[in-house]
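Down below is the structure, laid out as structure tokens.
The values are calculated or read from the model by the stated rules, or taken from the named source; none is laboratory data. Fair warning: this is a prediction, and the values are worked out from it, not measured in the lab. We place every Cβ from the backbone using ideal geometry, glycine too, and count neighbours over all the protein chains shown.
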């Protein structure tokens, strides 16, 4: 649906349309969360910079997804159509937020898929390229910090066959049916 819409866009002439589709995907995820009763917002939060338990000042931080329970921030999330060129920032967001606030607020990532259209030798015929970078994901998970949840609407085959990836990456239904309740109850 959203992925098919993205595939229908003219190759090389679609940045604005892709941005709109990304915004719509982000909005869809927020609406689904709100529909099941989750206090879900997007926007800027003031992050307290805490040193030795004392708040020194605050700084603004923008996030795609902020999940609250009784006005307490429970989850920070990123919603993207693809992890391509974005995965680094998501891991860094968790690292920086945790260090600045001296907290362990869960950070999650939700992706539509990790494929893009590729040209073939024949005109008007396209293939697909995987855009997920397993080495980057593994490196950041091991050496920086793991994300508390990584969810895909359309999971790639290597995310199921690779033991390491399979232990960290799940399908989107796992968020809604299993993990969300746990995140919000902490």
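Assuming residue 113 fulfils every condition listed in (1) touching a residue at least 40 places away in the same chain (Cβ under 8 Å); (2) part of a loop (DSSP other than H, G, I, E, B); (3) over 18 Å from residue 87 (Cα atoms) apart from one, which condition is it?
(3)
If you scan the stretch 149-186, which residues turn out to be farther than 24 Å from residue 67 by Cβ, at pLDDT 95 or above and either assigned to a strand (DSSP E or B) or under 16 Å from the mean Cα position of the chain (by Cα) (or both)?
165
Residue check, residue 48 against (1) surrounded by 15 or more Cβ atoms within 10 Å (Cβ to Cβ); (2) without any contact (Cβ under 8 Å) to a residue 40 or more places away in the chain, all met but one. Which one?
(2)
Name every residue in the stretch 92-106 that is farther than 20 Å from residue 60 by Cβ and surrounded by 13 or more Cβ atoms within 10 Å (Cβ to Cβ), in order of residue number.
Within the stretch 92-106, just 106 meets the criteria.
Scan the stretch 147-164 and tell me whether some residue there is out of contact with any strand residue (DSSP E or B) (no Cβ under 9 Å at 6 or more places or on another chain), surrounded by 15 or more Cβ atoms within 10 Å (Cβ to Cβ) and within 21 Å of residue 94 (Cβ to Cβ).
no
Checking the conditions here, which among 140, 126 is crowded, with 17+ Cβ neighbours inside 10 Å and more than 19 Å from residue 30 (Cα to Cα)?
From the options 140, 126, the qualifying one is 140.
Could you tell me which numbered condition residue 32 fails, if it satisfies all but one of (1) closer than 29 Å to residue 136 by Cα; (2) touching a residue at least 60 places away in the same chain (Cβ under 8 Å)?
(1)
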